[in-house]
Amino acid sequence: MAYVWRRLTPEERALLLEGRKQHSYPWHSPPHAYRGRGTYHLTAACFNHSPHVGFSPERMRKFCDALLTAIKPVCTGIHAWCVLPNHYHLLASVSDLRSATWALGKLHGRISRAWNKQENIQYRQVWCAAADRSMRSDRHFWATINYIHNNPVRHGYVHLWQEWPYSSVHEFLAAYSHEEAVRIWREYPLGDYGKGWDEPDL
């Protein structure tokens, strides 16, 4: 199935973007180091990179809400996130990585059962390839924020960050001035970030 976003009219895209802006999830500032806690780039992809999340705009929207609802109780801060038709990215500070990955695993199982029932498909594997990467420095942290917000552009869904409705980019741009966002982008370039494990879809 072709990705739904590419089939939407400009008016439908504008409505989705406005809905994300009105949702207004809280923005968190960069983390401080505390013993026993860590900040991680958490990501998971659909099996065979199939666009199960992108089945419909409604599914995309509901999955965003479900993802944030699942991770918030085990987080001390959500710094950036982005949901795409076949994978997602989170940058979050957690007090216990096991609790975070367990919460995401439970979400994957629950969502898989619901989607398979909705599409009348039994025993289909929906998720795979979950990964976590610890932030090693402030530079790694800010480059990861840039990477997550740039992901829809990287994969060819939109031309500008703010055109994608399923991410924290709107909270980010509301928290920082345009000039500051440009400075962060230039000061913390992506380089080869994601090469080999998050290549653009063909």
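The values are calculated or read from the model by the stated rules, or taken from the named source; none is laboratory data. Predicted model, so just to flag it, every value in this text is computed and none were measured. Neighbour counts run over all protein chains shown; Cβ positions are idealised from the backbone, glycine included.
Residues in the range 75-95 that are out of contact with any Asp or Glu (no Cβ under 8 Å at 6 or more places or on another chain) and closer than 21 Å to Q125 by Cβ: how many? Before the answer, list the steps.
At the first step, the residues of the range 75-95 found to be out of contact with any Asp or Glu (no Cβ under 8 Å at 6 or more places or on another chain) are 75-85, 88-95.
When the remaining residues are screened for being closer than 21 Å to Q125 by Cβ, the result is 83-85, 88-89.
Selection size over the range 75-95: 5.
Across the range 88-129, the number of residues qualifying as of a type in the set (F, W, Y) and over 23 Å from E58 (Cβ atoms) comes to 2. When the residues of the range 75-99 are filtered to those that are within 15 Å of the chain's Cα centre (by Cα) and aliphatic (A, V, I, L, M), the one that is surrounded by the fewest Cβ atoms within 10 Å (Cβ to Cβ) is I78.
Please enumerate the residues belonging to the range 35-74 that are aromatic (F, W, Y) and within 12 Å of the chain's Cα centre (by Cα). Reasoning before the result, please.
Of the residues in the range 35-74, the ones aromatic (F, W, Y) are 40, 47, 55, 63.
Selection gives F63 alone.
Conditions tested, residue by residue: (1) buried (at least 17 other Cβ atoms within 10 Å of the Cβ); (2) out of contact with any Ser or Thr (no Cβ under 7 Å at 6 or more places or on another chain); (3) under 16 Å from V126 (Cα atoms).
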{"residue": "T43", "(1), (2), (3)": "yes, yes, yes"}
{"residue": "S50", "(1), (2), (3)": "no, yes, yes"}
{"residue": "P57", "(1), (2), (3)": "yes, yes, no"}
{"residue": "R61", "(1), (2), (3)": "yes, yes, no"}
{"residue": "L68", "(1), (2), (3)": "yes, yes, no"}
{"residue": "P73", "(1), (2), (3)": "no, yes, no"}
{"residue": "K106", "(1), (2), (3)": "no, yes, yes"}
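In the range 149-157 there is no residue that is surrounded by 20 or more Cβ atoms within 10 Å (Cβ to Cβ), part of a loop (DSSP other than H, G, I, E, B), modelled with pLDDT of 90 or more and not charged (D, E, K, R).
When the test is whether a residue is touching a residue at least 60 places away in the same chain (Cβ under 8 Å) and exposed (fewer than 12 other Cβ atoms within 10 Å of the Cβ), S168 does not pass it.
Within the range 117-148, if we keep just the residues that are in a strand (DSSP E or B) and at pLDDT below 95, the residue that is surrounded by the most Cβ atoms within 10 Å (Cβ to Cβ) turns out to be D132. In the range 137-154, the residues that are within 13 Å of L84 (Cα to Cα) and in contact (Cβ under 8 Å) with a residue 60 or more places away in the chain reach residues that are of a type in the set (V, I, T) and assigned to a loop (DSSP other than H, G, I, E, B) with C-beta atoms within less than 7 angstrom, at least six apart or across chains, in these pairs: P152/V158. Taking the conditions (1) of a type in the set (G, A, S); (2) modelled with pLDDT of 90 or more; (3) under 27 Å from S134 (Cα atoms); (4) out of contact with any Ser or Thr (no Cβ under 9 Å at 6 or more places or on another chain) in turn, S29 satisfies each one other than (2).
Among the residues of the range 160-180, those that are part of a loop (DSSP other than H, G, I, E, B) and either at pLDDT 95 or above or within 19 Å of L68 (Cα to Cα) (or both) comprise W164, P165, Y166, S168.
Are any of the residues in the range 35-45 more than 20 Å from S167 (Cβ to Cβ), at pLDDT 90 or above and not acidic (D, E)? Give the derivation first.
Of all residues in the range 35-45, those more than 20 Å from S167 (Cβ to Cβ) come to 35-38.
Then drop every residue that is not at pLDDT 90 or above, which leaves 38.
The next check asks that each one be not acidic (D, E); those that pass are 38.
Yes; the residues of the range 35-45 include at least one that is more than 20 Å from S167 (Cβ to Cβ), at pLDDT 90 or above and not acidic (D, E).
Residues in the range 74-89 that are over 19 Å from A181 (Cα atoms), modelled with pLDDT of 95 or more and not in a loop (DSSP other than H, G, I, E, B): V83, H87, Y88, H89.
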